[in-house]
């Protein structure tokens, strides 16, 4: 009688435990589903906003006086040229982050000298810097849960399908302390950017080497290691395409 009662109690306890596990699993699946929907919605909204911003500025032409006041916000000052004082800078046919080709003293910025290092990636194969760089290399600073990073990753994923055969390499690096490969893999799956190399900046080698201070920092290098483009905000697909094509053009010049 005692054994029968003990057996019944154990069975009942097992059923309760299994029921609790089922409830927790349902909640986890619901949370993952909502995260996925939220990310997709964020990407769509970001794409619409970026497209709208590009449309409003693509034909934007400034006078010299206006340029001295506003154009510096459209030019990548990391090149070391003052947009307000350098000759030949025009706004037409130019996307943000670039200096006009007519600037005669445009300085050449190259990959900084550093000891080669490797970062763990979501696909299990370490990313070797700079040994794994391609004919054109794009670096993007990102983190899990960053909608603007996911949007730019989406743009880069599209470019990768078009230019991978020509030697394009894209490295998206999670720079947030405390991030993990497990969560990063989930984020890659949700964002649909599995064709890109996602890595984890565990010891700040990446951030320190390339002077990364902000999420959404994007850098483009050509085959010689010359920096073609750099900005520190979400970059549109049009601008990324222009940067990549310019880097390829440098390789054949």
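The values are calculated or read from the model by the stated rules, or taken from the named source; none is laboratory data. Everything quoted here is computed from the prediction, not taken from an experiment. Neighbour counts are summed over all protein chains in view; Cβ atoms, including those assigned to glycine, are modelled from backbone coordinates with ideal geometry.
Of the residues making up the stretch 109-121, one or more are outside any strand (DSSP E or B), modelled with pLDDT of 95 or more, within 18 Å of the chain's Cα centre (by Cα) and surrounded by 14 or more Cβ atoms within 10 Å (Cβ to Cβ).
Exactly one residue out of 188, 234, 244 is modelled with pLDDT under 95, in contact with a helix residue (DSSP H, G or I) (Cβ under 7 Å, 6 or more places away or on another chain) and either surrounded by 15 or more Cβ atoms within 10 Å (Cβ to Cβ) or not assigned by TED's automatic domain parsing to the domain that holds residue 124 (or both), and it is 234.
Can you spot a residue in the stretch 125-136 that is under 21 Å from residue 190 (Cα atoms), surrounded by fewer than 17 Cβ atoms within 10 Å (Cβ to Cβ) and over 17 Å from the mean Cα position of the chain (by Cα)?
Initial filter on the stretch 125-136 (under 21 Å from residue 190 (Cα atoms)): 125.
In the following step, the residues that additionally are surrounded by fewer than 17 Cβ atoms within 10 Å (Cβ to Cβ) were identified as 125.
With over 17 Å from the mean Cα position of the chain (by Cα) added as a condition, the list becomes 125.
Yes, the stretch 125-136 contains a residue that is under 21 Å from residue 190 (Cα atoms), surrounded by fewer than 17 Cβ atoms within 10 Å (Cβ to Cβ) and over 17 Å from the mean Cα position of the chain (by Cα).
For the stretch 221-245, the set of residues classified as part of a helix (DSSP H, G or I) and either over 21 Å from residue 130 (Cα atoms) or touching a residue at least 40 places away in the same chain (Cβ under 8 Å) (or both) consists of 237, 238, 239, 240, 241, 242, 243, 244, listed by residue number.
Please work out if residue 167 is without any contact (Cβ under 8 Å) to a residue 60 or more places away in the chain, surrounded by fewer than 20 Cβ atoms within 10 Å (Cβ to Cβ) and farther than 16 Å from residue 119 by Cα. Before you say what the answer is, go through the steps one by one.
Values: without any contact (Cβ under 8 Å) to a residue 60 or more places away in the chain: yes; surrounded by fewer than 20 Cβ atoms within 10 Å (Cβ to Cβ): yes; farther than 16 Å from residue 119 by Cα: yes.
So residue 167 passes the test.
Considering (1) in a strand (DSSP E or B); (2) surrounded by fewer than 17 Cβ atoms within 10 Å (Cβ to Cβ); (3) in contact with a helix residue (DSSP H, G or I) (Cβ under 7 Å, 6 or more places away or on another chain), the lone condition that residue 140 does not fulfil carries the number (2).
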